[in-house]
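Some notes on the structure that comes next.
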């Protein structure tokens, strides 16, 4: 097993290891996400209606409406948030969800992590470790 | 985290429960955002009320809020309300909107949450209930003033158009205490352009500004763009581009050299530095963006909605002029702010809309409140509304058709039931 550590910034504390669900592009909230179902409803989005419950939700950055905060709401929360760059939208989602969150990473994590990879998210110290089969 | 003595007292509960909860929320937001202090606000604010004020970690009972109001406590800065919580019921026009649930007076009354709004008003909140407070506030921040706004389409109006300073973080806590985390757009160095985006075509129309905004939003990531190739700026065009930038992307700040107040020249926008990237948006890129928002267009239209963000008075007048003496074949909603309703009435626009069979709705939008049942194909004049309405009505098997175009295209569609809009 190969381990890849990527350093970033703590956004919200806590530690968890879980499978990744990766969006190679941004995520968008308001009506383009359904917090009750725990999935994205944005048209043509690669993660359209793919449940993110208990996954490490990996994406590039948050875009769109302030409704993005709802990624941190509802009964089907991700296990953690990991994203390349933070902004006010992702800050509100992290604060809302109160789940381990690491951001402002030294490299775009979506270029390293594939859906299904195991990822350790250390929200207390602001880094992640990606586990890859050799 | 640096806190003043006063902030520490509030955090420790010495100034009462409500101020303590507010301070806890702001301190936690600082932690999440990587900010090491709060900034005192001297501009304006807005926030979306939610009954969650009485729930959750930062909540407090309504009785506590009432006691605070009765003690004479006021919002620290001039503060306006965004739309009421989802599903954002209309303030006007709900009686004939065509959605049975919304036509129920009890439902409408309940969701306005007047029990909270009346207390907020006592504390000084302007209960304007719109996404476009900057159009009706009658009081605007000036260059350099620190604000706390909450609407994604409004935030660049504060930063780029007015020169105020805000992140998207307006909340009861920030507006009541007059404090916000000091990071992002509050910091001078973060406000300069980092990339340049040039349009090959000189962009003059509202549709061009709207489509360009979506394209720029998609490519800019989280950079601050300086936009080159914009002409004939108007209030309606800046409203359009702000909403589109924050649909295709997340752009709280941009510069249009010679137009926006913090950059008379491109060099000033860039603070004398080289941009990280210079992008050129040509005809292909504009067409691609148009095709994304003009989604599966169809010839037949059975619903039309205008006014996202909420229309200003001039937009209302233009639609009234288009509709005068005409009859709509399909349902037409025109969205504006609740405070604009009486102006539209006194100017005679409301009668024109009524006579044409159109409905003036205030304080909401189709993506938020929904549409009448059975709609297969809609026409809209907003990139933002187009991109969000399909999220609400998502169904790959039976997708909603969204025709995007100008006001004129949309009004014609309402009158004829046919779509004739195109990219121009």
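Computed from the coordinates by the stated procedures, all read-outs in this text should not be read as laboratory data. Keep in mind it's a predicted model, so treat the numbers as computed, not measured. Glycine also receives a Cβ, built like all others from the backbone with ideal geometry; neighbour counts cover every protein chain displayed.
Here are a few things to note about the model shown:
- Radius, Kirkwood style, for chain B when every pair of distinct Cα atoms is counted (Å): 22.4 Å
- Estimated FRET transfer efficiency when R0 is 25 angstrom, pair residue B:204-residue B:138 (beta carbons, to 0.05): 0.25
- Segment B:53-99: C-alpha gyration tensor shape, a/c 1.5 cut-off, then a/b vs b/c: prolate
- Here chain B carries DSSP beta bridges of which approximately 15% are antiparallel, counting only pairs with both residues inside.
- Expressed as a fraction of 2.2 N^0.38 Å, the C-alpha radius of gyration for segment A:78-134 is 1.11.
- With contacts taken as Cα pairs under 8 Å and at least 6 residues apart, chain B reaches a relative contact order of 16 percent.
- The three principal axes of the Cα atoms in segment B:61-130 give end-to-end lengths of 43, 23, 15 Å, sorted in falling order.
- Counting every alpha-carbon pair across chain A, the share separated by more than 19 Å comes to 39%.
- When the alpha carbon gyration tensor of segment B:83-193 is reduced to an equivalent ellipsoid, the three semi-axes, largest first, read 32, 16, 12 Å.
- Descending Cα extents along the principal axes, segment B:212-277, whole Å: 29, 26, 17
- Shape of segment B:164-214, Cα gyration tensor, a/c cut at 1.5: oblate
- Peptide A:40-47, shielding by other chains (average Cβ, 10 Å cutoff): 4
- Neighbour-count order for B:91, B:47, A:71, fewest beta carbons within 10 angstrom listed first: B:91, B:47, A:71
- Within a Gaussian network of chain B (alpha carbon springs, distance under 10 Å), most fluctuating of B:215, B:33, B:344: B:33
- Shown for B:250, B:220: other C-beta atoms within 10 Å of each C-beta, ranked fewest to most, produce the order B:220, B:250.
- Spacing of the two label points (7 Å from each Cα toward its C-beta) at residue A:15 and residue B:276, in nm: 3.2 nm
- Kirkwood radius, the protein assembly as shown, all distinct C-alpha pairs, inverse of mean reciprocal distance: 24.0 Å.
- Here the Kirkwood formula, the inverse mean of 1/r across different C-alpha pairs, assigns segment B:237-310 a hydrodynamic radius of 15.4 Å.
- Counting Cβ atoms of other protein chains within 10 Å of each Cβ in B:215-222 and taking the mean gives 3.
- The relative contact order of segment B:66-223, computed from alpha carbon pairs under 8 Å that lie at least 6 residues apart in sequence, is 21 percent.
- Neighbour counts of C-beta atoms inside 10 Å place A:107, B:99 in the sequence A:107, B:99, starting with the fewest.
- For chain A, built as a Gaussian network whose Cα springs stay under 10 Å, the top-fluctuating residue of A:78, A:109, A:51: A:51
- Distances between every pair of Cα atoms in segment B:374-424, grouped in 5 Å steps from 0 to the bin holding the largest one, split as 4, 22, 30, 22, 16, 5, 0 percent.
- log10 of Debye I(q)/I(0), alpha-carbon scatterers only, for segment B:1-156 at 0.17 Å⁻¹: -1.16
- Helix axis angle, A:88-97 relative to chain A longest principal axis, alpha carbon, degrees: 80 degrees
- Shielding of A:24-33 by partner chains, average beta-carbon count, 10 Å: 5
- Average silhouette area of segment B:151-236, convex hull of alpha-carbon atoms, in square nanometres: 6.3 nm²
- Segment B:352-424 - percent relative contact order, Cα under 8 Å, separation 6 or more: 26 percent
- Over segment B:257-384 - Rg/Rh using Cα atoms and the Kirkwood inverse-distance radius: 1.11
- Pairs of alpha carbons in segment B:321-424 whose separation is greater than 16 Å (percent): 60 percent
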